[in-house]
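Everything below concerns the one structure shown next.
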Amino acid sequence: MARESGSPWAMGLLKTFEENEFGSWEKIGSGGFGQVYKVRHLHWKTWLAIKCSPSLHVDEKERMELLEEARKMEMAKFRYILPVYGICKEPVGLVMEYMETGSLEKLLASEPLPWELRFRIIHETAVGMNFLHCMSPPLLHLDLKPANILLDAHYHVKISDFGLAKCNGLSHSHDISMDGLCGTIAYLPPERIKEKNRCFDTKHDVYSFSIVVWGVLTQKKPFAEENNILHIMVKVVKGHRPELPAVSKSRPHSCNNLIKLMQKCWQDDPGERPTFQGKTLLILGVDAVNLCDRINRAHCMLSLVFFKEITSETEALCEKPEDETREMITQDLDTKNSPEQQPEVFPLSISSSNTLVKDYSLSELLSQLDSGISQTMEGPEDLSRSSSESKLASSDKRLSGVSSVDSAFSSRGSLSLSFERESSGNDIGTTDIQKRKLTEAILSGDTSKLMKILQPQDVDIVLDGNSSLLHLAVEAGQEECVKWLLLYNANPNLTNKKGSTPLHIAIEKKVKSIVELIMARKINVNAKDEDQWTALHFAAQNGDDFSTKMLLDKNASLNEVDFEGRAPIHIACQYGQENIVRILLRRGVNVNIKGKDDWVPLHYAAWQGHLPIVKLLAKQRGANVNVQTVDGRTSLHLAAQRGHYRVARLLIDLESDVNIQNTLLQTALHIAAETGHTSTSRLLLKHGVDIEAATAEGYTALHLASRSGHLATTKLLIDERASVLARGPLNRTALHLAAENGHSEVVEELVSSENINVSDSEGLTALHLAARGGHTKTVEVLLKHGAHTDKQRPTRQTLLQLAQQSSKSSVAVLLSET
């Protein structure tokens, strides 16, 4: 690099910036390295980042270290290395490209990541490190960790912080301070801990990479349980590594190969660790041995012969998840476009040579879309960079910058989330074709395809049924697609034609992992669907205590009601979800909260016969077992109506009043007798219910049981001395009601010489009513017991005339024979 002389700020090709060139200073990070500010370049109209020295007054030594770091980053220009633009003179700092997503460390701690994205991050990190190690001499990073791996708006890797970087073979024992060890110790190889004066080599970075891989797979910090640096150092030296069981059990099968590679990379013996170079590197036009001599014979031979090297393994891994997804759909895998069958030739400069090589790494394939190489390709894959930039400039979603100018200062790698286009080159935007592609990718769970074709402005497009892509992914249970859409800031509050948000669907379908993902976003937890159900209603219905607790922690309302006036606790009581009832009670819900028609939770539990919930509610402080609905029914009425004997018994034990009447003046006995629940009727009689109480219409319990034909209940009431002569509406007895409805067995139980020929207010006896109704069997029973056949109505209609009015001729025949 050309350098100017005579100036302490001689930067060669790098630019020196003045403070007044920047505006809108915003601190976005700080630590032992100093402070990092997000700034706006006033002339370039773009956002940049400035890493300032931790010292208020920068001395010559610190200035030189900063210049040295800038020069290293300038030398290492590559798609996965953070671009540096120069030095700010005051405050003294390194001016770099601004990374919207921030550090990998921050991203790993924020939310679960799609496996496809994890694999891509690992691979791009490996490719970036491979580039550094392929420089002449190799440039060693020596501080590779998630905090120093930044991500652009499209989650592509940019390796940063070259403050400790050295050329291969250099060593200074004071290079890493104890302050630096605090965040770095877990990433230091054992040989560095044991031998401080040991010469640095590439295997240092390989070990650090393995710990990064572990962190990406687990989304945890290594040795997080240890607070003492010395304890970590002792563990590492003794051969301990981060625990593998922490890796998610839901990981894809292809992840196993990456775990094996990770374990090889953290071998105690540096010589046993692989390199970052791929085994498929083929030399064109130059003898391999001569090339090895010109670089580093041992290093190159290891790269060419070693069983499986890092970049090759991570490249394969990035491709495997997509294959795994396709295997679920069809066993006929499409291998037409595999890298080994369609190799591309790329120029690779090693030392001063312009030797051409073939490199089948994924990094090259990804770069075809937005690197200068793509301009040499032929066919429909040749994309227009200018059209890509214009599309990006028109997007209002998170991108590499905020204007078209930004793309000029962003590495093209930030655009490699392949915005797929038709071969015609026309921008199809959110047309039906794009919708179809996105829908197919989501429904098939093809996260790899989704990552390539999803455009930021399309993340909230409207599909059929007014659904969004997020609705579709949640409905299909495609967790990895949900993760990617959320990373792209899909709106979790959009509703479909039924008014449901993605959260409604996730909780209704009981997909815990997706519920967690959505709940981590800024959402309206009290949003209602077309039935006025909130997410908490669905959780209560399903007995989903996990989602219920999460919703309540997010301040979900306990008292939101649906179109039937039911709050979540009403729903939980109705569906027998005792665990949810307990949670809601602990969170302070009113045990007597009223819903539609003044139903309280106890009413719902009694109606459905959920004994444990009835017991739980009835014993709550302030609970009223005699509380009535708008029509006057108590929980005892409801239990009696449904025949829930044990619930009724519990309520009575808890001092429920057996003689409370509803608005129709019905007691629980009236309802139990009418519905034929004999055991419940017996229970009520045992506890002192009034057997002769009449309803507003004048019916006693015996009237109702007889009218409905409940023989066992009728027998019970007669045994308990209910009056068979009691008169109800139209001055009718229980025998009249049983005969009119053709309940011959009940008639047999009720009939006696005292009531057999009793007339009602219309002058009709039981025999008249049975004949008019055409109830042959009942007529036979009454005749057998001596019913009078010659008794006429006031209108002088005979029994035979009444029988002839019936559609059953058998009654008329029977009477004509008597």
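Overview of results
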quantity	calculated
Sole residue being over 22 Å from residue 119 (Cα atoms), of a type in the set (D, E, K, R) and modelled with pLDDT of 90 or more, chosen from 483, 497	497
Given (1) within 25 Å of residue 107 (Cα to Cα); (2) out of contact with any Cys (no Cβ under 9 Å at 6 or more places or on another chain); (3) assigned to a loop (DSSP other than H, G, I, E, B), index of the condition residue 445 fails	(2)
Restricting the stretch 173-202 to residues that are closer than 12 Å to residue 140 by Cβ and either more than 42 Å from the chain's Cα centre (by Cα) or not assigned by TED's automatic domain parsing to the domain that holds residue 214 (or both), the residue that is modelled with the lowest pLDDT	175
Conditions (1) under 20 Å from residue 681 (Cβ atoms); (2) surrounded by fewer than 17 Cβ atoms within 10 Å (Cβ to Cβ); (3) not aliphatic (A, V, I, L, M); number of the one not met by residue 642	(2)
Unique residue being touching a helix residue (DSSP H, G or I) at 6+ places or on another chain (Cβ under 7 Å), touching a residue at least 12 places away in the same chain (Cβ under 8 Å) and in a loop (DSSP other than H, G, I, E, B) when the list is 556, 605	556
Only one of 566, 521 that is among the basic types (Lys, Arg) and modelled with pLDDT of 95 or more	566
Cβ pairs under 9 Å, 6+ apart, first in the stretch 636-648 and acidic (Asp, Glu), second part of a helix (DSSP H, G or I)	none
Verdict on residue 717 being in a helix (DSSP H, G or I), modelled with pLDDT of 95 or more and of a type outside the set (Gly, Ala, Ser)	yes
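The values are calculated or read from the model by the stated rules, or taken from the named source; none is laboratory data. No experiment lies behind these values; they were computed from the predicted model shown. Positions of Cβ are generated from backbone atoms using ideal geometry, with glycine treated the same way; all protein chains shown enter the neighbour counts.
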